[in-house]
Amino acid sequence: MTAGEEVGPRVVAVILAGGQGRRMGGVDKAMVMLAGRPLFAHVAARIGPQVAGLAISANGAAVRFAPIHVLPDPPQRQGEGPLAGLLSALDWAAEQGADMLLSVPVDTPFLPRDLVARLGAPGGAAYAASAGRDHPSVALCPVMERARIAELFASGERRLRAAFPEATRVAFEGSPDPFTNLNTPEDLATAAAHLAEATR
């Protein structure tokens, strides 16, 4: 039994990996290597034990993410940002019989190991915050909200923040910041140094 099954609502998770990694030189950020593993593998290792199912929202060759289930954007949502990925993930979560969907970005290798439990504690939708900043891409969303979010998307909205207007803000602390995004080669070098220090 996974942690996601132990705490009441059935929780599944999606790793949002649709970004183009422009500040990394236009590379596939999900496949950027950190301490010998691609970024998506670091995130999956943090989140997988906390949920009842895991998928990744990404386009391109699905085989590169094996054995994680891949959710490509449908043609009508190609290039439409993370809210498009969230919608596909909510459809998948409903098929899995899940009550809640956790979303996390692919470039956050230091996610808390109790993220699901803490975001789920208030009940309903919740998103993470740290160091005075909100992180709407790190959010727990009731699957029953998918129809409302689909209507929002159809109206032209593309911001993740707008998908959770009444969500609870849950603050986290830690060093490094648990929601640090690795956007540049310098960020990657800093993360590698932290991981090396942690293993000494």
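Quick one: compute the contact order of the chain, relative version, from alpha carbon pairs under 8 angstrom and 6+ residues apart, as a percent. Could you put the intermediate results ahead of the total?
Values: 354 pairs, mean separation 47.4, N = 200.
Relative contact order for the chain comes out at 24 percent.
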- line: What helix-only [θ] at 222 nm does the chain give? Using -39500 (n - 2.57) per DSSP H run of at least 4, over all residues, to the nearest 500, the answer is -8000 deg cm²/dmol
- request: Take region 57-101, drop everything but the C-alpha atoms, weight them equally and run the Debye formula without solvent; then report log10 I(q)/I(0) at 0.22 Å⁻¹ to two decimals.
  value: -0.78
- request: Springs between alpha-carbon atoms under 10 Å, Gaussian network over the chain: tell me which of Thr108, Thr184, Thr168 tops the mean-square fluctuations.
  value: Thr184
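Ranked highest first by the average count of other Cβ atoms within 10 Å around their residues, in what order do 46-52, 145-151, 122-128 fall?
Numbers: 46-52: 19.9, 145-151: 14.4, 122-128: 18.0.
Peptide ranking by packing, descending: 46-52, 122-128, 145-151.
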- prompt: Once a ≥ b ≥ c are taken as the square roots of the eigenvalues of the Cα gyration tensor of region 114-200, is the result rounded (a/c under 1.5), prolate (a/b larger than b/c) or oblate (a/b not larger than b/c)?
  reply: prolate
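Keeping the other protein chains in place, figure out the carbon and sulfur percent of the accessible area of the chain, with a 1.4 Å probe.
On the way: 5020 of 9530 Å².
Solvent-exposed carbon and sulfur of the chain make up 53 percent of the total.
Report, for the chain, the % of DSSP beta bridges that are antiparallel, rounded to 5. Provide the component values of the computation, followed by the final result.
On the way: 11 of 29 bridges.
Once the DSSP bridges in the chain are tallied, antiparallel ones form about 40 percent.
What does the charge count near Pro112 come to, summing +1 for each Lys or Arg and -1 for each Asp or Glu among other residues with Cβ under 12 Å from its Cβ? Working shown, then result.
Details: positive: Arg46, Arg113, Arg118; negative: Asp114, Glu173, Asp177.
Around Pro112, the charge tally is 0.
State to the nearest 20 debye the size of the charge dipole of region 24-137 about its Cα centre, where the only charges are +1 on K and R beta carbons and -1 on D and E beta carbons. Please list the in-between numbers first.
Working: 8 positive and 9 negative charges, 79 e Å.
Using only the charged Cβ atoms, the result is roughly 380 debye.
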- prompt: How big is the convex hull of the Cα atoms of region 99-154, per residue, in Å³?
  reply: 103
message: Could you give me D for the chain, from Stokes-Einstein at 10 °C and 1.306 mPa s, where the hydrodynamic radius is the Kirkwood radius over C-alpha pairs? Units µm² s⁻¹, please.
response: 94
Scattering profile of region 149-199 at q = 0.19, 0.22, 0.29 Å⁻¹ [log10 I(q)/I(0), Debye over alpha-carbon scatterers]: -0.78, -0.84, -1.09
- line: In terms of the charge dipole of the chain, which places +1 on Lys and Arg and -1 on Asp and Glu at the beta carbon, the residue among Pro112, Ala55, Pro38 farthest towards the positive end is Pro38
- prompt: Just the accessible area per residue of the chain, please: how many Å² with a 1.4 Å probe?
  reply: 48
message: From the gyration tensor of the Cα coordinates in region 38-121, what semi-axes in whole Å does the equivalent ellipsoid have, largest first, with each one equal to sqrt(5λ)?
response: 20, 16, 12
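The values are calculated or read from the model by the stated rules, or taken from the named source; none is laboratory data. What you see is a predicted model; the values in this text were computed from it and never measured. All Cβ positions, even for glycine, are placed from backbone atoms using ideal geometry, and neighbour counts span all protein chains on display. With ligands, DNA and RNA removed, areas are computed over all heavy atoms of the protein, side chains included. Shrake-Rupley method; radii C 1.70, N 1.55, O 1.52, S 1.80 Å.
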